[in-house]
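In what follows, a single structure is set out as structure tokens and then discussed.
The values are calculated or read from the model by the stated rules, or taken from the named source; none is laboratory data. Predicted model, so just to flag it, every value in this text is computed and none were measured. Using ideal geometry, Cβ is built from the backbone for each residue, glycine included, and neighbour counts are taken over all protein chains shown. Only protein heavy atoms, including side chains, enter the accessible area calculation; ligands, DNA and RNA are left aside. Shrake-Rupley method; radii C 1.70, N 1.55, O 1.52, S 1.80 Å.
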Amino acid sequence: MLRSVATAVPAAGALTLTGVAPAASAPVPKGEATVLDWPAVKQSDTKPFAPLLREGADWSVFSHPQRNDRGKPGRKIGDATARCTAVNVTRAGYVTQCERVLRTDDGTITLVDTIDRYGSGPHGADAAITGGSGAYEDAEGKAELVLYGDYATFKLTLED
């Protein structure tokens, strides 16, 4: 499923997602899972150019998560940062370990993930939701991440 979601990006020229996400301000209900579908557009990235990428290299990424408006990016709902490290680098690609923070006016959600980045992409992985604050206090669950060029999708499943 991750590949079919992300391959819509280059064909349509816009990010296409399944489902419609609740507003960023929707609090997490206790006792049931809440799913948030947030596309994000990369604003900056300090990753070294491929020939210079070495194991242990660190970089940061800054992006704008957006409301999912009928499968397309909508209004900006906050910002997101990632701190990534190359943990394995080969001629075919590399593996990264990343810590991410998604911030909205209502709170933050933190994630950790490891993504294989072999070939031209899209690249997808599952991430662990490790915590949160505000409306997302005590957040736990999982996230599906898909990275494709300057776009990313975060499908967050928050469980009580």
On a C-alpha basis, how far is the centre of the stretch 90-104 from the centre of the stretch 43-71 in Å? Whole number, if you could?
-> 8 Å
Tally Lys/Arg at +1 and Asp/Glu at -1 over every other residue whose Cβ is under 15 Å from the Cβ of residue 105; what's the total?
-> +1
Cα gyration tensor of the stretch 110-159 diagonalised, 5x eigenvalues square-rooted, in angstrom largest first, produces semi-axes 24, 10, 8
Sorting 63, 120, 44 by accessible area (1.4 Å probe), largest first, what list results?
-> 120, 44, 63
Count the net charge of all other residues whose Cβ sits under 14 Å from the Cβ of residue 143, scoring Lys and Arg as +1 and Asp and Glu as -1.
-> -4
To two decimal places, what compactness ratio does the stretch 64-158 give when its Cα radius of gyration is scaled by 2.2 N^0.38 Å?
-> 1.11
